[in-house]
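Remarks on the structure that follows.
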Amino acid sequence: MNWWLKVRAAQSLAGATALTVVLGILLGETELPIPILTGQAGVFLAGHLLTVLPAVVLMYGQERTDHRIEVTAARPINQWNACLGVATALAVTTATGLVHLTLGSDMAVVCGRNIGGYIGIAMILSSVTGPRISAFLTTALPLVLAHTGWKPSGEPEIWAWLLHEEDSVIAMVATMFVLVAGCASLALRRSPMRLKAFR
């Protein structure tokens, strides 16, 4: 397990996650000037962009290993990967929830929700494209939303739930859904190499 955590860059993941939470709470309400393609300009915050970092580092940790070695190991590697993602999201949710309760920071709620959402999306994409492409697509997601996720009124679209305010029920439900879906899709994923070995 220690070897697996080292290969997965668990220390880097913990450091990047902690840094994201701190910067997200302190600087998250800073508005970023992003040109839009549809609707009217909404409020795109630094917190919407910063919170993608833990998901990217999580995918980096999954990509840096030799899959040819792992696929022959008698270990539930995909399940461990899924558990690491969920554990990171739950730790962040707990920490940001405590900050919100003690300091009244609404941005803490947004940070915790979006970090969990990005991790869930990254795991879903990873089960289809692999961690390297998943990291790239997940990184691009907040920029795509910043350009296209606004209604003519300047409010975020329903589907652009990562841009919603801290009290959005839709965003909370969507976050839980993608996190569960990401965990399931990654945990149940069968390696192409292992499938080939069974033929």
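The values are calculated or read from the model by the stated rules, or taken from the named source; none is laboratory data. Predicted model, so just to flag it, every value in this text is computed and none were measured. Note that each Cβ is placed from the backbone with ideal geometry, even for glycine, and that neighbours are counted across all protein chains shown. Side chains included, ligands, DNA and RNA excluded: accessible areas come from the protein's heavy atoms. Shrake-Rupley method; radii C 1.70, N 1.55, O 1.52, S 1.80 Å.
The stretch between L98 and A181, if pulled fully straight at 0.36 nm per residue, gains 27.3 nm over its current Cα-Cα span. Ligands, DNA and RNA are left out, and with a 1.4 angstrom probe the accessible area of the range 41-185 is 45 Å² per residue. Subtracting the Cα-Cα distance of V22 and A91 from their residue separation scaled by 0.36 nm leaves 23.5 nm. Rolling a 1.4 Å probe over the protein heavy atoms leaves D106 with an accessible area of roughly 70 Å². Per-residue Karplus couplings for the range 89-100, computed as 6.51 cos²θ - 1.76 cosθ + 1.60 with θ equal to phi - 60°, are listed in order as 4, 5, 5, 5, 4, 5, 5, 5, x, 5, 4, 5 Hz, Gly and Pro entered as x.
Karplus-derived 3J(HN,Hα) values for the range 160-176, using 6.51 cos²θ - 1.76 cosθ + 1.60 with θ = phi - 60°, are 8, 5, 5, 9, 5, 6, 5, 9, 6, 5, 4, 5, 5, 5, 5, 4, 4 Hz; glycine and proline are entered as x. Using alpha carbons only, the radius of gyration of the range 117-195 set against its Kirkwood radius gives Rg/Rh = 1.06. Spelling out what I want: for every residue of the range 113-130, take phi, set θ = phi - 60°, compute 6.51 cos²θ - 1.76 cosθ + 1.60 (Karplus), and round to whole Hz; glycine and proline get x. Once rounded to whole Hz, the list reads 5, 6, 4, x, x, 5, 5, x, 5, 4, 5, 4, 5, 5, 5, 9, 9, x. Between amide H atoms placed 1.01 Å from N, distances below 5 Å from H164 occur with no residue 5 or more places distant or on a separate chain. What you get for the range 46-179, charging only the Cβ of Lys and Arg (+1) and of Asp and Glu (-1), is a dipole of about 440 debye around the Cα centre. Here the convex hull built on the C-alpha positions of the range 72-115 has a volume of 48 cubic angstrom per residue.
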